[in-house]
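Take a look at the structure below.
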Amino acid sequence: MKTNDHGAVGPKSLHVRKVLGAVVLVPLLTGAPNAWSADELATEATEATEATESIALESASDGGEAETQSGGAEATAVRGGIEEIVVTAQKREENLQDVPIAISAFSAEQLEASGAQTSKDLAQITPGLTVTELAGYTFIYLRGVGSDAFVASADPSVATYVDGVYVPIGHGFAQELGQVERVEVLKGPQGTLFGRNSTGGAISITTRKPGNQFESSLGLSYADFQSYSAKANVTIPLNDSLAFSVSGLLRGSESYYDRGGPGADRGIDDDFIRGFRVRGRWKPSDATELLVTGQRVDIRAPGSLVSANRIPSPLLGNALLIQPTTQDYLMEGDVDPLNDSYQTSYYAQFTWELPGFDVKILGNDLINAVTAIQTDFDGSARPYVSFLSNNEYTALQTAELQVLSNADSWGSDWLTWVGGVFYLKSDGGFDPVQLQIANSVVQLPTDELFDLIPQGLRELLPPVPIGNEITVFLEGLIETESTSAFAQTTAKLTDTFSLTLGGRYQTETRRQSRSTVNLLNSEGGLTPLISYTPQESTEKNFSPKVSLDVRPMEDMLLYMGWSKGFKSHTYNIINIYTPPDFVKPEELTAYEAGIKTTLFNNSLRVNAAVFQSETKNLQSSFVSLLAGGAVRLENAGEARSRGA
């Protein structure tokens, strides 16, 4: 039996970096406390031809709600102490210790030193964060708030932003392209500045801009289960104002599951991911900058659908006498697991610094598509029920305008502010999904076959020949249009007290545009069973924020805050014999108090927070055979989460 060390963050790696033409081999033991930064490698390369100053090793540590840090995102050296950590949690660059939000922030060097190579690894170094993967999707929970649904009609509870652009799909691999500059994990609802679907918090990933110097890097790793990873990046400046970078990613591994039953000889296909990214930067003047990015990721992840059937479905287990699997890491299903998908994204950011305020414009065009997904729904060695889809997709377009105060703004010595508008349009769903009950091999008697079908669906079945199997084609599509306006300001009332007020008003329309049920007849054609009338609804919401900051001394910040978050309403898009269900919006109210301080002559940084969140109309998901084997959502009432 194969085993796997799930406790390890990453494999032993050999990283190869090429900086300014010199190649340096750096053996890195994942989880070691020290790592070489890019600047240090550049120094090492220079020393290959001329003697210069010695290289200093930087110590990196993680961040959290109760944390001690000696580095961070965009770290700036402070003589005689630990570095200053610069974050953009409030849409502007600020010292982490001045932001009244619980944040875990990590620089590229810290991520590398801790062995965090993927989004899933981020949970290993971030208190309160849980990241899991299934069917090629990434599910994020923060402080106990999150979502594990992976259909187009479901939204995450922790919003993800890459280079300031909203990425609503739980597709973590696309975030790994390019050279990461910093990662910020913002805890608690971020409804004011980050908007929809951030009731649990937000993760902001910033990648490095193409610079004015040629740079190239290559990272390689190999580990157990034939796990391999290769990441490459090259930056090419064309002149003082124009540069671009190209990044590539290749990763794969074999499954640590064995396979039994009728498919034992076929085994389980390996997982792999490959992607590339091109980014351009044009800075015609000191006051203007344009960044344009295009990327594509292709994923094959059959291993994400593999599991041991330790607890059979009550419906299928009782009806078909399916016995639980007694061996760990053994798949006995008869259907070959298949999970192929891709994601393409094109986004741009334009920044213009004006006298009195700055303007930032962002746009994004994204499509995420599952081109083939196939799984054994009953999880047994017999071909009873299988699930197949070759066109599940989400197409998304966003645009955002931000206006921010700067050093030339009126009252800049005591007042900062940011405001803007945000627009989103998307459509997606299953077109179609196929559910097959039994097949020509099993040849269940018709009476027994019908016993597996809900009574409501039996009444819909027409008197057509269906043979010894039932194959149902289900279509479900949903459209979304959302518009919001937001503003936030912080006023320094005295040298000790500061007050932050903010709010976002949002209106969102969702239309369940298609929901049909068709039956495959014995002649190979489709017999329509039902087509539900499209439904549409509009919800409006205001998410406020209030925070009071107190500075009893220069190196200490005390804060307390109250805020609300909003997760969009939706419909269940796959429906067999009941009309589409309306799922109410999820609303969260949070209370938080915290302290941020540096001690012992700036040699120790300690940040801590306590919180409580109350959720109304919690959106809960489950997988149901009665819903065609797809994920369904329902409102589960209220929930409360508290901690420190």
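Summary of values
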quantity	calculated
Where segment 89-128 is the region considered: accessible area per residue in Å², 1.4 Å probe	29
Highest average packing first - 415-425, 564-574, 593-603, Cβ atoms within 10 Å	564-574, 415-425, 593-603
Summed side-chain charge close to T351 - residues other than T351 whose Cβ falls under 14 Å, Lys, Arg +1, Asp, Glu -1	-1
Residues F497 and L599, FRET efficiency given R0 of 22 Å [Cβ-Cβ distance, rounded to 0.05]	0.45
Rounded percent of accessible protein surface that carbon and sulfur make up, segment 279-379, 1.4 Å probe	57
Exposure ranking of L129, L526, L499 by accessible area [1.4 Å probe, largest first]	L526, L499, L129
Rounded to the nearest 10 Å², the accessible area of R632 at probe 1.4 Å	30
Inter-site label distance for V246 and L354 at 7 Å from Cα along Cβ, in nm	3.8
Spin-label pair A395/E93, simplified geometry with 7 Å Cα→Cβ offset, distance in nm	3.9
Accessible area (Å², 1.4 Å probe, nearest 10) - M560	120
Net charge, P544 excluded, C-beta distance under 10 Å - Lys, Arg +1, Asp, Glu -1	+3
Chain lengthening between F622 and A287 when straightened (0.36 nm per residue, less Cα-Cα)	115.6 nm
Most to least accessible of V433, V610 (protein chains only, probe 1.4 Å)	V610, V433
L548/A264 FRET efficiency (R0 56 Å; Cβ-Cβ; nearest 0.05)	0.30
Net charge of Cβ neighbours under 10 Å - reference D555; Lys, Arg +1; Asp, Glu -1	+2
Separation between Cα centres of segment 483-544 and segment 243-277, rounded to whole Å	34
FRET E, pair E614, K540, Förster distance 22 Å, beta-carbon r, rounded to 0.05	0.60
Difference of contour (0.36 nm per residue) and Cα-Cα distance, T578 to W410	54.6 nm
K120 - accessible surface, heavy atoms, 1.4 Å probe, Å² rounded to 10	90
Largest to smallest accessible area among Y346, Y559, Y577 [probe 1.4 Å]	Y346, Y577, Y559
Prolate/oblate/rounded call for segment 241-388, Cα gyration tensor, a/c under 1.5 rounded	prolate
Inter-label distance for A487 and T589, nm, one decimal - labels placed 7 Å from Cα along Cα-to-Cβ	2.5
Filter on K283/K492; K360/K425; K120/K567; K283/K564; K492/K584; K120/K545 - keep pairs with C-alpha separation over 28 Å	K283/K492; K283/K564; K492/K584; K120/K545
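The values are calculated or read from the model by the stated rules, or taken from the named source; none is laboratory data. If you're wondering where the values come from, they're calculated on a predicted model, not measured in any experiment. Using ideal geometry, Cβ is built from the backbone for each residue, glycine included, and neighbour counts are taken over all protein chains shown. The area values use the complete protein model at the heavy-atom level, side chains included, leaving out ligands, DNA and RNA. Shrake-Rupley method; radii C 1.70, N 1.55, O 1.52, S 1.80 Å.
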